[in-house]
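The values are calculated or read from the model by the stated rules, or taken from the named source; none is laboratory data. Fair warning: this is a prediction, and the values are worked out from it, not measured in the lab. With ideal geometry, Cβ positions are generated from the backbone for all residues, glycine too; neighbour counts draw on all protein chains shown. All accessible areas refer to the heavy atoms of the entire protein, side chains included, with ligands and DNA or RNA removed. Shrake-Rupley method; radii C 1.70, N 1.55, O 1.52, S 1.80 Å.
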Amino acid sequence: MPILNPAAMPEQRGYIPTSEELEGFRAAQKLAYAAAEAVAAELKPGMTEKQAAALQETWLRDHGVNDWLHAPFAWFGDRTAFQGFKVAVQFLPTNRRLEENMPFILDNAPVLNGFTADIGYAGVLGENPILDRILDDLAPQRAMILELIRQGRAMNDVSKAVDKLILMQGFEPRHKAYPFEVLAHQVTRQAPRDKPRRTMPFKFGLDFLSTLGQVALVARKQGWSPLWNSGEGSNHAPVPGLWAVEPHLGFRGVGAKFEELLVITEDDAYWLDDDVPHVKRWKARGLWPVKDVPLLGEPA
Amino acid sequence: MNMSTVNSAGVDLQVFTYGDEKKQPIVLVHGYPDNHSVWEPVAKLLADKYFVITYDVRGAGGSDVPRKQADFRMALLSADLKAVVESCIGERAFHLVGHDWGSIQSWESVTADGPLKQRILSYTTISGPCLDHMGYWLRKRTLNLSASAKAKVFKQALSSWYIGFFHLPVLAPSAWQGGLDKLWPKYLKHREQVEEPEANPTQGKDGKHGVQLYRANFRNKLINPEERHAACPVQLIVPTRDNYVGTQLFEDLHYWVDELYRRDINANHWVPLSHPEKIAAWIEEFVSGVDKGKMSGALQHARVRPERRKLPLYGKTAVITGAGSGIGRATAFKLAEAGADLVCVDINDEAAERTAELSRLLGASAWSRKVDVGSAQAMQRLAKWVEKELGGADIVINNAGIGMAGGVLDTSTQDWDRILKVNLWGVIHGSRLFAQQMVDAHRSGHIINVASAAAFAPNRKLAAYSTSKAAVYMLSECLRGELADQDIGVTAICPGFVATGIASNTVYTGMSDEEQAAKRAKADALYQRRNFSPDEVAEAILKAVLTNPALSLVGAEAWTTRLLSRFAPALSRRVARIDITP
C-alpha cells in the first residue's frame with residue numbers, strides 16, 4: 001500500500017489488499033499465534049506478566065520479526081478483565097505473578113516483512129470454569145460480527161450489537177476500557193525493516209501511530225473512522241481493509257478475548273484465517289460453526 | 001411388623017422389620033436410653049416404599065445384656081449391625097440411619113474399613129457424632145489458643161455433663177432403677193417436647209445397661225482418635241435445640257465426608273419422636289436421591305460446600321424476581337458471591353436461566369423459573385415450588401418492574417392495569433406469599449422491595465410509574481412494622497437512574513411506535529451517560545440484607561428526591577410540573 005498523503009485525497013475508501021498481500025498478513029498472523037501458543041505452553045506459576053511479554057518478544061525476534069505494531073502484552077488474574085483500569089499505562093505488563101487456575105491473556109502484534117498482525121490469546125494455567133464459559137460465548141460474537149458486516153450494517157451498529165449480546169450474556173464489555181472504547185482498529189502495511197528496532201518508546205510502534213494518524217486524517221475527510229466503536233464516528237457502512245477485531249468479555253474478575261484480522265472488501269467480508277486457536281477450540285467442543293447466529297441491532 | 005432374633009457372637013439381638021423385604025432396605029439404629037421403639041413412627045412411614053429394619057442394640061430392649069464393659073466396644077456394636085443385615089437381607093447393600101448412640105455406633109460401620117462399609121449406600125446421622133471425629137475436633141480446639149475455640153469446647157463440655165456422670169461407678173446405673181425410669185416420659189415431654197411419649201417397659205434396663213456404651217468407648221476414642229473417612233454420601237440432620245449434642249461438633253465434618261448434606265431442624269434431641277413425618281420425609285428424599293443419582297433441589301441446597309462456609313449468606317436461599325437482566329441479575333451475582341443459593345425468576349426464561357447458570361459458576365446452587373409476577377396463580381406456584389423443593393426462602397428480592405412514561409390522563413386503563421400488575425401486584429404477591437411462609441415456618445428472613453427515587457418525586461410525565469413505586473415504598477414500610485416481631489426484615493430500595501435496559505423498554509403512553517422508539521433511544525443514551533451501574537444497586541441490596549435498614553437510597557437522584565420531598569415539598573411540586581422525559 002502506498003503511504004497515504006492526506007493532501008492527495010484518494011477516491012478509494014479504506015484499503016483493498018492484493019491476494020499476495022493477504023498471504024503476507026496471514027503468515028504474520030500465523031506466526032503471532034504460534035508465538036502466543038508457544039509462550040502459553042511455557043507459562044508456570046510464579047511467572048510475571050513482564051516475563052510473559054518478554055518471552056513473546058524473544059520468540060518472535062527469533063522467528064524473524066524486526067518490527068512491531070505494539071510491544072507484546074500479557075495480563076494475569078483479574079487484570080485479564082482490566083479491573084479498575086483508568087489510564088493507558090495500566091495496560092503495560094506488570095510484576096503480577098501467575099498462579100494455579102489463574103486466567104491469562106497474551107497479546108502480540110509483530111510486523112513480519114511489512115505485514116502487521118495483532119492477535120489476542122486467552123487461556124488459563126489449570127482450570128477456570130468462568131473462563132471456559134467466556135471463551136465458549138465468544139463464538140457467537142465472532143459469528144455475529146461477520147454476519148452483520150456482510151449484511152452491510154453500519155459499523156457502529158455492529159459494535160452496539162456486540163454490546164447488546166454481551167449484556168444478554170451477562171458479561172461486561174471490557175474492550176470499552178481501551179482508549180476510545182474500540183472494538184477494532186484498522187491495520188495496514190508498513191515499510192519493511194531490515195534491522196531489528198532497538199527501542200520501542202511507549203511500547204507502541206511509532207510507525208504504526210503515524211500511519212494510523214495519516215489514515216485517520218484521510219478517513220476523517222472521507223467520513224469514516226479507523227477506530228471502530230459504538231459511537232457516531234463509526235456510523236458508516238463497512239469500510240474495506242483489514243480490521244483487528246477484539247471483543248473482550250469480562251465477568252467477576254475474569255476476562256477473555258480473541259483478536260484477529262477481519263477482511264472487509266467492497267461487497268463482502270471474511271476472517272483472514274479460520275485456522276486460529278480459539279476456532280479450533282470451539283470446533284473441538286462442537287460450538288463451531290455457530291448454529292443460530294444472533295443478529296442483534298437495528299437493520300440499516 | 002415382624003420380630004425375630006439374631007445371634008451376634010453369642011449375644012441375642014431382637015430384630016424388627018417393616019414392609020416388603022424385596023424393597024430397598026433401610027436400617028434404623030436407636031440410641032440411649034431408648035430401644036427400637038424410638039424409630040417406630042418413622043419406620044411405619046417408610047415401610048410403604050422400603051424394607052425397614054430396626055433392632056434393639058445389645059443391652060437394650062429385648063436383646064441380651066453382656067456382662068463386661070468390654071463387650072460394649074464399638075467394633076462389637078458394628079459387628080451386631082453386620083449380623084442383623086446378613087440375617088435380614090443377606091449380601092444386599094442398604095441405607096443406614098442412626099439417632100444418638102445409634103448414630104455414634106453407626107459411624108463406626110460407615111467409616112471403619114471393611115466389607116460392611118462397602119455395603120452402606122447412604123448414611124443419615126442425627127445427633128450422634130463420630131467419636132473419632134470428636135476426638136480430632138476437641139484436639140484442634142484445645143490446642144487452639146483463641147478464646148472462641150476454647151468457648152466452643154466449654155460449651156460442649158457443659159452440655160455433655162451427663163457423660164461424666166455416666167462414668168461414676170454405681171451411681172449412674174442405680175439412678176435408672178431408683179425412679180428415673182418412671183420419670184423419663186415426663187422428662188421427654190417437658191424438657192424434650194415430645195408430645196405424647198409412651199412409657200417404655202424396658203426403660204430401666206435401657207438406661208442402666210446403656211451406660212456401658214459410654215464407659216466402653218468414650219475415653220479411648222477421645223484420647224486416641226483414628227483418621228476415619230466415610231465413603232458413602234452422608235445426610236446430617238441437626239436439631240438446633242439439642243440439649244446434649246452441640247451443633248458446633250459438626251463444623252469439621254466435611255473434612256471426613258466428601259459428599260455431605262446438612263439439614264437443620266428447629267427441634268430438640270428426640271426428633272424421631274417429636275417430628276417423625278419430617279424425619280421420614282428427609283430420609284426418603286435422601287435415600288431416593290442416592291438411589292437415582294440425582295439429588296432434589298433441597299438437597300443440592302443442603303450440600304455442605306466447605307469453600308463457601310465462611311461467606312455471610314452461606315446456607316441462605318434467595319428468590320429474585322426480574323433476575324434476567326439489570327438490577328435483578330446484578331443482585332443475583334452479588335448474592336451468589338456472598339454465599340446464597342438462588343431462585344432466579346423472570347418472565348424471560350432464557351434470561352433467567354442464563355443468570356442462574358452464571359451464578360452457578362460463582363459457586364451457588366441456582367434455579368430458574370419463568371413467572372409473570374403480576375399473576376397471582378403463577379406467584380403462588382412459585383412460592384409452593386420454593387417451599388417444596390428448597391424448603392422455603394430466606395431472602396426475597398421483589399425487583400421485577402417495567403417503565404412507563406406519560407401523564408395520568410394519557411395513560412389508558414389498560415396501561416394502568418399493566419404497570420400496576422407488574423410493579424405493585426408483583427411486589428404484593430411476592431411479599432405476602434413468602435412472608436407467610438416465613439411466619440408459618442418460624443423462620444427469620446428478609447424481604448427487599450425495589451422501589452425507585454421516583455417514589456418521592458411527583459412528575460406530570462411519570463405518573464403511573466411513580467405511583468406504583470410510591471405504593472411499593474409504603475407497602476414495604478407497613479410490612480416492616482407488621483413483621484418486626486417475627487424477626488423478618490423488610491427494606492425498600494430506592495435507586496436513581498440505573499442503566500438497566502428499563503429505559504429501552506419503557507412504554508410512552510399516547511405515542512406512535514416511531515415516536516416511542518426515538519424517545520427510548522434518547523432515554524437510553526441519557527441513562528448510559530449517567531453511567532450508574534446495576535452493580536451499585538446490587539451492592540446496596542446486599543448491604544440491606546445484612547443490616548436491614550427500612551430504606552436504602554442509592555445514587556444522588558434518590559437522595560435529592562427524598563430530601564426535596566421532605567424539606568422542600570414546594571420545590572418538589574414545582575419540579576413536578578416540568579416534563580422530565582427526553
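Annotations for the structure displayed:
- For B:Gln380, the conditions (1) more than 14 Å from chain A (Cβ to nearest Cβ); (2) modelled with pLDDT of 95 or more; (3) open to solvent by 10 Å² or more (accessible area, probe 1.4 Å); (4) closer than 30 Å to B:Thr581 by Cβ are fulfilled apart from (4).
- Positions within the stretch B:285-333 being among the basic types (Lys, Arg) and surrounded by 24 or more Cβ atoms within 10 Å (Cβ to Cβ), in sequence order: B:Arg329
- Assessment of the stretch B:81-89 against the conditions (touching a Lys or Arg at 6+ places or on another chain (Cβ under 8 Å), in the same structural domain as B:Gln203 (by TED's automatic domain parsing) and either at pLDDT below 95 or open to solvent by less than 10 Å² (accessible area, probe 1.4 Å) (or both)) yields at least one matching residue.
Results for (1) over 26 Å from B:Asn266 (Cα atoms); (2) crowded, with 19+ Cβ neighbours inside 10 Å, shown as yes or no for each residue.
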{"residue": "B:Gln193", "(1), (2)": "no, no"}
{"residue": "B:Glu198", "(1), (2)": "no, no"}
{"residue": "B:Asp206", "(1), (2)": "yes, yes"}
{"residue": "B:Tyr214", "(1), (2)": "yes, yes"}
{"residue": "B:Asn217", "(1), (2)": "yes, yes"}
{"residue": "B:Asn224", "(1), (2)": "yes, no"}
{"residue": "B:Glu227", "(1), (2)": "yes, no"}
{"residue": "B:Ala230", "(1), (2)": "yes, yes"}
{"residue": "B:Gln235", "(1), (2)": "no, yes"}
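- Scanning the stretch B:331-365 for residues being within 27 Å of B:Val554 (Cα to Cα), of a type outside the set (Asp, Glu) and within 14 Å of chain A (Cβ to nearest Cβ) gives a total of 19.
- Those strands (runs of 3 or more DSSP E) of the stretch B:1-112 in which 1 or more residues are more than 21 Å from B:Ala231 (Cα to Cα) occupy B:2-8, B:11-18, B:51-55.
- Residues in the stretch A:24-36 include none that are aliphatic (A, V, I, L, M) and farther than 28 Å from A:Gln186 by Cβ.
Residue-by-condition table, conditions (1) outside any loop (DSSP other than H, G, I, E, B); (2) closer than 26 Å to B:Lys150 by Cα; (3) in the same structural domain as B:Lys152 (by TED's automatic domain parsing):
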| position | (1), (2), (3) |
| --- | --- |
| B:Cys232 | no, no, yes |
| B:Val245 | no, yes, yes |
| B:Asp258 | no, no, yes |
| B:Arg262 | yes, yes, yes |
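- Checking each residue in the stretch A:105-152 for being assigned to a strand (DSSP E or B) and within 14 Å of chain B (Cβ to nearest Cβ) picks out only A:Val124.
- Yes/no for B:Arg562 being surrounded by fewer than 17 Cβ atoms within 10 Å (Cβ to Cβ) and of a type outside the set (A, V, I, L, M, F, W, C): no
- Checklist (1) on the phi < 0 side of the Ramachandran plot; (2) modelled with pLDDT of 95 or more; (3) not polar (S, T, N, Q) applied to A:Leu167, failing item: (2)
- Residue within the stretch B:484-494 that is in the same structural domain as B:Arg432 (by TED's automatic domain parsing), in contact (Cβ under 8 Å) with a residue 24 or more places away in the chain, in a helix (DSSP H, G or I) and aliphatic (A, V, I, L, M) present: no
- In the stretch B:316-330, residue farthest from the other protein chains (Cβ to nearest Cβ) [restricted to those that are assigned to a helix (DSSP H, G or I) and aliphatic (A, V, I, L, M)]: B:Ile327
- Filter result for B:Phe497 (open to solvent by less than 60 Å² (accessible area, probe 1.4 Å) and either out of contact with any Ser or Thr (no Cβ under 6 Å at 6 or more places or on another chain) or within 22 Å of B:Asn423 (Cα to Cα) (or both)): no
- Residue check, B:Ala351 modelled with pLDDT under 95, open to solvent by 10 Å² or more (accessible area, probe 1.4 Å) and touching a helix residue (DSSP H, G or I) at 6+ places or on another chain (Cβ under 8 Å): no
- Qualifying residue in the stretch B:301-315 (condition: closer than 21 Å to B:Ser452 by Cα, touching a helix residue (DSSP H, G or I) at 6+ places or on another chain (Cβ under 8 Å) and either within 14 Å of another protein chain (Cβ to nearest Cβ) or assigned to a helix (DSSP H, G or I) (or both)): no
- Selection within the stretch B:367-401: residues that are part of a helix (DSSP H, G or I) and in contact with an Asp or Glu (Cβ under 8 Å, 6 or more places away or on another chain). The member of this set that is farthest from B:Phe333 (Cα to Cα) is B:Ala378.
- The sole residue among B:Arg460, B:Arg480, B:Arg443 that is closer than 21 Å to B:Asp394 by Cα, in a loop (DSSP other than H, G, I, E, B) and either in contact with a Cys (Cβ under 8 Å, 6 or more places away or on another chain) or open to solvent by 30 Å² or more (accessible area, probe 1.4 Å) (or both) is B:Arg443.
- B:Ala556 open to solvent by 60 Å² or more (accessible area, probe 1.4 Å) and modelled with pLDDT under 95: yes
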